[in-house]
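Following: one structure in structure tokens, then a few remarks.
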Amino acid sequence: MQFKLDRRVHYSKRMLIATPVIAIALAVLVSSVLLVLLQKPVLLTFHSFFIAPFENFYSITEIFLKFGPLLLIAQALAVGFRAKVWNIGAEGQMIIGAITASAVPVYLVDSTSALLLPAMLILGALGGMGWAAIAAYLKTRFNANEILVTLMLSSIALQILYYLLLGPWKDPMGFNFPQTVMFQDEALFPALFEGVRLNTSIFIPIIFTIGIWLFMEKHFGGFKLVVGGLAPNAATYAGFSSKKAVWSSLLLAGFAAGIAGMSEIAGPIGQLQRSVTSGYGYSAIIVAYLGALNPIGIIFAAFFLAVLQIGGDVALVSADLPISAVHVFQGLLLIFYLATYTFVNYRLRIIRPLTHSNTKPTP
Amino acid sequence: MNVLSKTLAAVAVSGLLFHSTVNADTLEIGLLTPSPIADVGWSKALVDGVDAVKAKYGDKVNINIIENIQEGPDADRIMNKMVGDGNEFLVLGSFGFMNGGLKLAKRNAKRTFLHASGYKTAKNFSPFTAKYYEGAYLMGMAAAELTKTKKLGVVSAFAIPELISTINGFTLGARSIDPEITVDVIWINSWFDPAKAQDSAKALLAGGADILFSNAQDTPSVVTVGEEGGAYVFNLNGSMKEYAPTKYLGVVKTDWAPFFVASVDAHLAGNFEGKNEWLGMQDDVVVVDDWNADISAEMMAKIEAKRAEIVSAAVHVYDGPLINQEGKEVIPAGERLEDGAILGMDWHVEGVNSPLPK
């Protein structure tokens, strides 16, 4: 017996919209069973995940604090994914962005210039782009697989970070702890409201999203990029360069990830330390696909994942859930979403082994 | 759809049911640990500490433990949530929680924070560190008797003063018995990375070491390598004897119970004062135990005598003369290294081969 997925010619729009709802219901159902087995409070857990993040103002601002970098990186990655450029190293590009941006406050410890932040922003973007450019060069020059290259570059980026923190950039007053000085206020994004960590960097992903939407939907360049990925031969015939697609996809992702890294160290962290990414570089890949690589869809997906992560933290504290149970629930949600999405778009066909002269698809 | 609406309704109801979990009469104590709580190790030692508080106060306190939290912005949010959920007394179990914890402490002047391994203080924020070097010195003496190659190996987490001074204490103890002994160190930059810790331990054995020291590793990784490789091995915080039944040299245990209980007492009495808490054998926080039977009675007597001298402050591990790796005298005979210099230690004593990561 064999299984085959056929793309549905007509799929139900209503079902497509119901997809996330079904996925959440299934995930809630399965994890309820797990929670009962773990003898954890079921209702309190789901309350923590879905209600608690919205219960107070501080918590809502925290959702947006996570939403920002997820949105920024996912939008850029989605452009590349549509052009079939598989950059899964946004994590490394983010780390390098954080590093290059940190150079400013690390070397200008006493500066109070208003130019600190813009300089960090530019350096962060350039750092991320530079790191992504390595993969783009190796891909276009030697046809090196960008999945491997970007992934391995992420490991290298992490080691560079450790080197700097343990060596030349270590806080001289920090008793050898692997972290830099705390940055001066002028090197940090101002908070949007008193007493919260959400800061003005949240506008960057929003503006970026509008830009991406205009580019992909309204601009010929976006079309060329997609064609270059889908049908390289056709694209070449039409005079579109697939090399250009590789370069622009990777540089765009490096740009976004670099700024995201910069926003973390110039935002909630306030210094360069060993963990600067919170895993955004990888989560953003999920966000891009959850959002069906569509700029609007990605907004919802980024928000959803942000809520899920904040909810997970709440569940840890309030519902006394072990951290692995939190990850299981988050994983279930994503798996059910992708499964539901697949079955709405594809029809499952079971192919029986040949008994007669021809196969008959089961209804 | 029906399932969903029911679920949503249930979730909404749960919001009403479980909203308030804080009881005004009980002291809510929160513990945040950087690694999973296992049967042994750093996090377990912290849990034992708060359990002692629970044993003393019973229903008057409630312990909330959040385990395996990485440092970074997420940890800050979780700490924030712990405060929001009514924890009045917080134990932050890793140096990476320092800056976030300190910010929180400044905003919540009435709450008390204990912070592991850090160096910043506030009125309601005390960093706490164990004088591991005292116990490690005694372990060094035992190691000196048992080593044949005269090479000792250390798998170590971060090159922070706490761990550097522990390695130096170990080296000084060993060389007080046999000055030919040298020590190799591998820094793995993690509290919790069993695979890397084991690889490093094996590399040290391959390099000729026949005694291993698992410096602040939260898993029995190095200890099991010692048993398998036929090298005596010891570790910090909690006994891992069952992972090395024949080759376990001993343990430099930390018992946080006296300190945690005293801090909770002070918090409840309203006279808690944040200061750098630096606790050793005389405070009953650092305890050496589970000595290997292969150590001669003669050596055990020497070790016990040295222990008594350290506890009574008659001698200090960092009494001069102290010579650094470069062969330069740091403290002449008859003088004692200042506390501040130990708390900020960024150099190795003579006998440690490996350079410090700089």
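The values are calculated or read from the model by the stated rules, or taken from the named source; none is laboratory data. Everything numeric here is computed off the predicted structure, so don't read it as measured data. Methodologically, a virtual Cβ is constructed for each residue, glycine included, from the backbone with ideal geometry; neighbour enumeration extends over all protein chains shown.
Looking at B:Asn62, B:Asn68, B:Asn87, which one is touching a Ser or Thr at 6+ places or on another chain (Cβ under 8 Å) and modelled with pLDDT of 90 or more?
After ruling out the rest, the residue left standing is B:Asn62.
Hey, does the stretch B:100-109 have a residue that's modelled with pLDDT under 95, crowded, with 21+ Cβ neighbours inside 10 Å, more than 14 Å from every other protein chain (Cβ to nearest Cβ) and farther than 23 Å from B:Gly280 by Cβ?
Yes: one or more hits.
Go through the residues of the stretch A:60-72 one by one and say whether even a single one is within 30 Å of A:Val226 (Cα to Cα) and either over 20 Å from the mean Cα position of the chain (by Cα) or within 11 Å of another protein chain (Cβ to nearest Cβ) (or both).
Taking every residue of the stretch A:60-72 in turn, at least one turns out to be within 30 Å of A:Val226 (Cα to Cα) and either over 20 Å from the mean Cα position of the chain (by Cα) or within 11 Å of another protein chain (Cβ to nearest Cβ) (or both).
Among the residues of the stretch B:219-241, are any basic (Lys, Arg) and modelled with pLDDT of 95 or more? Walk me through it before giving the result.
The first filter runs over the stretch B:219-241 and keeps only residues basic (Lys, Arg), leaving B:241.
Cutting the leftovers down to modelled with pLDDT of 95 or more gives us none.
Taking every residue of the stretch B:219-241 in turn, none turns out to be basic (Lys, Arg) and modelled with pLDDT of 95 or more.
From the residues in the stretch B:57-94 that are out of contact with any Leu (no Cβ under 6 Å at 6 or more places or on another chain) and acidic (Asp, Glu), which one is surrounded by the fewest Cβ atoms within 10 Å (Cβ to Cβ)?
It comes out as B:Asp59.
Can you find a residue that is under 25 Å from A:Ser111 (Cα atoms), touching a Ser or Thr at 6+ places or on another chain (Cβ under 9 Å), surrounded by 20 or more Cβ atoms within 10 Å (Cβ to Cβ) and among the charged types (D, E, K, R) anywhere in the stretch A:164-180?
yes
Just one of the numbered conditions (1) surrounded by fewer than 22 Cβ atoms within 10 Å (Cβ to Cβ); (2) within 26 Å of A:Ile310 (Cβ to Cβ) is not true of B:Phe97; which one?
The number of the failed condition is (1).
Inspect all residues belonging to the stretch A:321-341 and state whether any of them is at pLDDT 85 or above, touching a Ser or Thr at 6+ places or on another chain (Cβ under 9 Å) and among the aliphatic types (A, V, I, L, M).
Yes: the stretch A:321-341 contains one or more residues that are at pLDDT 85 or above, touching a Ser or Thr at 6+ places or on another chain (Cβ under 9 Å) and among the aliphatic types (A, V, I, L, M).
Keeping to the stretch B:110-139, report how many residues are at pLDDT 90 or above and either more than 21 Å from the chain's Cα centre (by Cα) or within 14 Å of chain A (Cβ to nearest Cβ) (or both).
Residues in the stretch B:110-139 being at pLDDT 90 or above and either more than 21 Å from the chain's Cα centre (by Cα) or within 14 Å of chain A (Cβ to nearest Cβ) (or both): 10 in total.
Quick one: is B:Arg307 out of contact with any Cys (no Cβ under 9 Å at 6 or more places or on another chain), closer than 29 Å to B:Val53 by Cβ and not assigned by TED's automatic domain parsing to the domain that holds B:Glu28?
Values: out of contact with any Cys (no Cβ under 9 Å at 6 or more places or on another chain): yes; closer than 29 Å to B:Val53 by Cβ: yes; not assigned by TED's automatic domain parsing to the domain that holds B:Glu28: yes.
Here the answer is yes, as B:Arg307 does meet what is asked.
For the stretch A:165-175, does any single residue satisfy the condition of being within 11 Å of another protein chain (Cβ to nearest Cβ) and not in a loop (DSSP other than H, G, I, E, B)?
Yes, that holds for at least one residue.
From A:Asp320, A:Asp313, grab the single residue that is within 14 Å of another protein chain (Cβ to nearest Cβ), surrounded by fewer than 20 Cβ atoms within 10 Å (Cβ to Cβ), of a type in the set (Asp, Glu) and closer than 26 Å to B:Ile78 by Cβ. Break it down into steps so the answer makes sense when it comes.
Details: A:Asp313 fails: surrounded by fewer than 20 Cβ atoms within 10 Å (Cβ to Cβ).
One residue alone meets the criteria, A:Asp320.
Can you tell me which residue among A:Ala260, A:Ala325 is aliphatic (A, V, I, L, M), within 14 Å of chain B (Cβ to nearest Cβ), part of a helix (DSSP H, G or I) and closer than 21 Å to A:Leu153 by Cα?
Going through A:Ala260, A:Ala325 in turn, just one is aliphatic (A, V, I, L, M), within 14 Å of chain B (Cβ to nearest Cβ), part of a helix (DSSP H, G or I) and closer than 21 Å to A:Leu153 by Cα: A:Ala260.
With the requirement that a residue be outside any loop (DSSP other than H, G, I, E, B) and either closer than 18 Å to B:Ile181 by Cα or not assigned by TED's automatic domain parsing to the domain that holds B:Asn189 (or both), what does the stretch B:318-330 give you?
Listed by number, the residues that qualify are B:Leu322, B:Ile323, B:Asn324.
What number of residues in the stretch A:34-58 are part of a helix (DSSP H, G or I) and either aliphatic (A, V, I, L, M) or facing chain B (nearest Cβ under 8 Å) (or both)?
Summing the residues that are part of a helix (DSSP H, G or I) and either aliphatic (A, V, I, L, M) or facing chain B (nearest Cβ under 8 Å) (or both) in the stretch A:34-58 gives 14.
For the stretch A:172-214, how many residues are over 30 Å from A:Phe303 (Cα atoms) and in contact (Cβ under 8 Å) with a residue 24 or more places away in the chain?
5
List, please: which pairs have Cβ atoms under 9 Å, are six or more places apart or on different chains, and start with a residue in the stretch B:27-49 that is at positive phi and in contact (Cβ under 8 Å) with a residue 60 or more places away in the chain and end with one that is of a type in the set (D, E, K, R) and not in a helix (DSSP H, G or I)?
Once the first residue is at positive phi and in contact (Cβ under 8 Å) with a residue 60 or more places away in the chain and sits in the stretch B:27-49, its partners that are of a type in the set (D, E, K, R) and not in a helix (DSSP H, G or I) give B:Gly41/B:Asp218.
Look through the stretch A:94-109, keep the residues that are free of Cβ contacts under 8 Å to residues at least 40 places away in the same chain and over 26 Å from the mean Cα position of the chain (by Cα), and return whichever of them is nearest to A:Gln179 (Cα to Cα).
A:Tyr107
Just to verify a result, which residue in the stretch A:182-215, among those that are part of a loop (DSSP other than H, G, I, E, B) and within 19 Å of A:Ala114 (Cα to Cα), is nearest to the other protein chains (Cβ to nearest Cβ)?
Here is the first cut: in the stretch A:182-215, the residues part of a loop (DSSP other than H, G, I, E, B) are A:182-184, A:188-190, A:192-198.
Of the ones still in play, those that are also within 19 Å of A:Ala114 (Cα to Cα) are A:182-184, A:188-190, A:192.
Details: A:Met182: 7, A:Phe183: 11, A:Gln184: 14, A:Leu188: 13, A:Phe189: 13, A:Pro190: 16, A:Leu192: 16 Å.
If we take residues in the stretch A:182-215 being part of a loop (DSSP other than H, G, I, E, B) and within 19 Å of A:Ala114 (Cα to Cα), then A:Met182 is nearest to the other protein chains (Cβ to nearest Cβ).
What number of residues within the stretch B:331-355 satisfy the criterion of being charged (D, E, K, R), assigned to a loop (DSSP other than H, G, I, E, B) and either within 14 Å of another protein chain (Cβ to nearest Cβ) or farther than 17 Å from B:Gly140 by Cα (or both)?
First, pick out the residues of the stretch B:331-355 that are charged (D, E, K, R): B:335-336, B:338-339, B:346, B:350.
Checking which are assigned to a loop (DSSP other than H, G, I, E, B) leaves us with B:335, B:338, B:346, B:350.
Still in the running and either within 14 Å of another protein chain (Cβ to nearest Cβ) or farther than 17 Å from B:Gly140 by Cα (or both): B:335, B:338, B:346.
Residues that pass the stated criteria total 3.
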